[in-house]
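Novice: Below is the structure I would like to discuss, written out as structure tokens.
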Amino acid sequence: MLNCRQVNFEFISMWFNFKHRWKNLNQCFGVFLFLSSISICWGHHTQFSPQAQENMRDFISSLSAKYSFDRSYLEKIFTKVRLQQKPLSLIRPSKTNKSQTITWDHYRKLFVNKDNIDKGKRFISTHIVSLEKAQKNYGVPPEVIAAIIGIETKYGKNQGKFPVFDTLATLAFESSGRENFFREELEAFILLCLNQGLQINKIKGSYAGALGIPQFMPSSWRTFAIDFDQNGKTNLLSSPKDAIGSVANYLHKHGWDRNIPTHSVAIQEPGSNAKQFFTYELQAEYKYNDLQKGGFKDPFNKIPAYLDVSLVDLKLRNDKIIYWLATKNFFAVTKYNRSYKYAAAVLELAEALKNRPGF
């Protein structure tokens, strides 16, 4: 039987232990609530899938270790990222690629039209000094540079409406089919913003993360953009001069040769086999002399016999096909966009800007 003194002592001891344990439970509960709030906040703000959030955390860890970045800075910017569903649906591989079903005659009308020609001529007139300087330095004619900028952004007026950071993060961490590519571009974009002093959440671009007047991907900006106006920055967002010089530099670095033509229309002789002169590497692989022997000739005599070319097919709405003899200058344009129709549109718009008073 316990005496009063023992009861009081044990009661005090029990109270102390209970109070101590309650305090620990409160602390644990507080930590739980804190961690839960972070998880809820992350999910609420981003709307990313659980796997994408895990990919994001791995990316933050990798980037922090690779560049000795302040991890808290990275975590802060990524808590504000938003899922971009439309770019994800546009970029995901499709069983039916609609871009491949658009015929050349329809595609051509989208870009080689009176509006683009009129605005292109004004663009050339306004920036002729920079365009001629770019041609002197890199060999790319003014009309080709202007045509690319015209097709990409209507001469700088339409640079895209998608937040670049959110878009690249979505395509990098969700199942886009090209996650590795977009993680590299996301890394390049973060580095670009830090180097250029850009506000990472303010920049908008295309559904694939291209940005600026010439629609460079972030890695292309960091590699090929030049400070053509010599103000200490490569500003592709608002400097037409930098955009002009950068487009010229890009084509030059991808094989543009000032001394050769871009293409010519080919006339096909009956019974000739076009497929033997196609390329699967986006390059000029055959001597024009061999194509002549194989039944494909240049009616305008623009292509020297010794020059390397490949045959390009442009399909029309009536199931007919136009063939072009494409030189390495044509394929330099495909490095900007891998579509034959895109390169053909650039070169036809350039021809219109150079030679035609109107449409």
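Novice: Any residue in region 142-156 that is within 24 Å of V333 (Cβ to Cβ), under 14 Å from the mean Cα position of the chain (by Cα), among the charged types (D, E, K, R) and not in a helix (DSSP H, G or I)? Before the answer, list the steps.
Specialist: First, pick out the residues of region 142-156 that are within 24 Å of V333 (Cβ to Cβ): 142-156.
Then keep just the ones that are under 14 Å from the mean Cα position of the chain (by Cα); that gives 152-153.
Pick out the ones that are also among the charged types (D, E, K, R) and you get 152.
Keeping just the survivors that are not in a helix (DSSP H, G or I) gives none.
Within region 142-156 (the criterion being within 24 Å of V333 (Cβ to Cβ), under 14 Å from the mean Cα position of the chain (by Cα), among the charged types (D, E, K, R) and not in a helix (DSSP H, G or I)), the answer is no, since none of the residues qualifies.
Novice: How many residues does region 295-347 hold that are in contact with a helix residue (DSSP H, G or I) (Cβ under 6 Å, 6 or more places away or on another chain) and of a type in the set (G, A, S)?
Specialist: Residues that pass the stated criteria total 4.
Novice: Checking A284 against (1) over 25 Å from the mean Cα position of the chain (by Cα); (2) surrounded by 16 or more Cβ atoms within 10 Å (Cβ to Cβ); (3) of a type in the set (G, A, S), only one condition comes out false. Which one?
Specialist: All conditions are met except number (1).
Novice: Answer yes or no as to whether I303 is at pLDDT 95 or above, touching a Pro at 6+ places or on another chain (Cβ under 7 Å), among the β-branched types (V, I, T) and outside any loop (DSSP other than H, G, I, E, B). First the steps, then the outcome.
Specialist: Working: at pLDDT 95 or above: yes; touching a Pro at 6+ places or on another chain (Cβ under 7 Å): yes; among the β-branched types (V, I, T): yes; outside any loop (DSSP other than H, G, I, E, B): no.
Criteria not met by I303.
Novice: Take I102 and tell me if it is surrounded by fewer than 18 Cβ atoms within 10 Å (Cβ to Cβ) and within 30 Å of I321 (Cα to Cα). Let's see the steps before the verdict.
Specialist: Details: surrounded by fewer than 18 Cβ atoms within 10 Å (Cβ to Cβ): yes; within 30 Å of I321 (Cα to Cα): yes.
Yes.
Novice: Within region 124-171, restricting attention to residues that are in contact with a strand residue (DSSP E or B) (Cβ under 9 Å, 6 or more places away or on another chain) and β-branched (V, I, T), which residue is surrounded by the fewest Cβ atoms within 10 Å (Cβ to Cβ)?
Specialist: V164
Novice: For region 243-254, check the following and say yes or no: at least one residue is within 21 Å of G139 (Cα to Cα) and among the hydroxyl-bearing types (S, T, Y). Steps first, please.
Specialist: Of the residues in region 243-254, the ones within 21 Å of G139 (Cα to Cα) are 243-254.
Retained after the next criterion (residues that are among the hydroxyl-bearing types (S, T, Y)): 246, 250.
Yes, region 243-254 has at least one match.
Novice: Additional query: Which residue is nearest to A350 (Cα to Cα), if the candidates are limited to region 247-300 and must be of a type in the set (K, R) and not in a strand (DSSP E or B)?
Specialist: Taking region 247-300 and keeping what is of a type in the set (K, R), we get 253, 258, 275, 287, 293, 297.
Restricting the remaining residues to those that are not in a strand (DSSP E or B) gives 253, 258, 275, 293.
Working: K253: 20, R258: 15, K275: 28, K293: 30 Å.
Within region 247-300, the match that is nearest to A350 (Cα to Cα) is R258.
Novice: Of V346, V312, which residue is buried (at least 21 other Cβ atoms within 10 Å of the Cβ), closer than 25 Å to K136 by Cβ and in contact (Cβ under 8 Å) with a residue 40 or more places away in the chain? Before the answer, list the steps.
Specialist: Numbers: V312 fails: closer than 25 Å to K136 by Cβ.
Matching residue, one of V346, V312: V346.
Novice: Right, here's the next one. For a quick check of your reading of the model, give me the residue pairs whose first member lies in region 297-309 and is closer than 22 Å to G271 by Cα, whose second is polar (S, T, N, Q) and not in a strand (DSSP E or B), with beta-carbon atoms closer than 6 Å and at least 6 apart or on different chains.
Specialist: Matching pairs, first to second residue: A305/N289; V309/T327.
Novice: In region 275-327, which residues are under 17 Å from Y342 (Cβ atoms) and hydrophobic (A, V, I, L, M, F, W, C)?
Specialist: The answer is L282, V312, L314, L316, I322, W324, A326.
Novice: Right, here's the next one. Take the residues in region 287-332 that are of a type in the set (D, E, K, R) and farther than 29 Å from Y250 by Cα, then tell me which one is farthest from the chain's Cα centre (by Cα).
Specialist: We begin by selecting, within region 287-332, every residue of a type in the set (D, E, K, R); these are 287, 290, 293, 297-298, 302, 308, 313, 315, 317, 319-320, 328.
With farther than 29 Å from Y250 by Cα added as a condition, the list becomes 290, 293, 297, 317, 319-320.
Working: D290: 37, K293: 40, K297: 36, R317: 29, D319: 32, K320: 32 Å.
So the residue we want is K293.
Novice: If you don't mind, another one. Mind listing whichever residues of region 160-202 are of a type in the set (S, T, N, Q) and under 12 Å from the mean Cα position of the chain (by Cα)? Break it down stepwise before answering.
Specialist: Filtering region 160-202 for residues of a type in the set (S, T, N, Q) gives 167, 170, 175-176, 180, 195-196, 199, 201.
Correct list: T167 only.
Novice: If only one of T334, T279 is under 24 Å from F216 (Cβ atoms) and among the β-branched types (V, I, T), which one is it? So that I can check it myself, show each step before the final result.
Specialist: Working: T279 fails: under 24 Å from F216 (Cβ atoms).
Answer to the selection: T334.
Novice: Does region 109-118 include one or more residues that are more than 14 Å from A350 (Cα to Cα) and touching a residue at least 12 places away in the same chain (Cβ under 8 Å)?
Specialist: yes
Novice: I would also like to ask the following. In the list L198, L194, which residue meets the criterion of being assigned to a helix (DSSP H, G or I), hydrophobic (A, V, I, L, M, F, W, C), out of contact with any helix residue (DSSP H, G or I) (no Cβ under 6 Å at 6 or more places or on another chain) and over 27 Å from P304 (Cα atoms)? If you could, list the steps in order and put the result at the bottom.
Specialist: Working: L198 fails: assigned to a helix (DSSP H, G or I).
Just a single option satisfies the conditions, and that option is L194.
Novice: Can you name the condition, by its number, that S89 falls short on among (1) surrounded by fewer than 19 Cβ atoms within 10 Å (Cβ to Cβ); (2) more than 20 Å from the chain's Cα centre (by Cα); (3) part of a helix (DSSP H, G or I)?
Specialist: Condition (2) is where S89 drops out.
Novice: If you scan region 240-276, which residues turn out to be within 18 Å of P218 (Cα to Cα) and either free of Cβ contacts under 8 Å to residues at least 12 places away in the same chain or surrounded by fewer than 22 Cβ atoms within 10 Å (Cβ to Cβ) (or both)?
Specialist: Looking only at region 240-276, we keep the residues that are within 18 Å of P218 (Cα to Cα), and these are 240, 242-251, 253-254.
Within region 240-276, P240, N249, K253, H254 meet the criteria.
The values are calculated or read from the model by the stated rules, or taken from the named source; none is laboratory data. Everything numeric in this text was worked out from a predicted model, so none of it was measured. Every residue, glycine among them, receives a Cβ derived from its backbone with ideal geometry; neighbour counts consider all protein chains shown.
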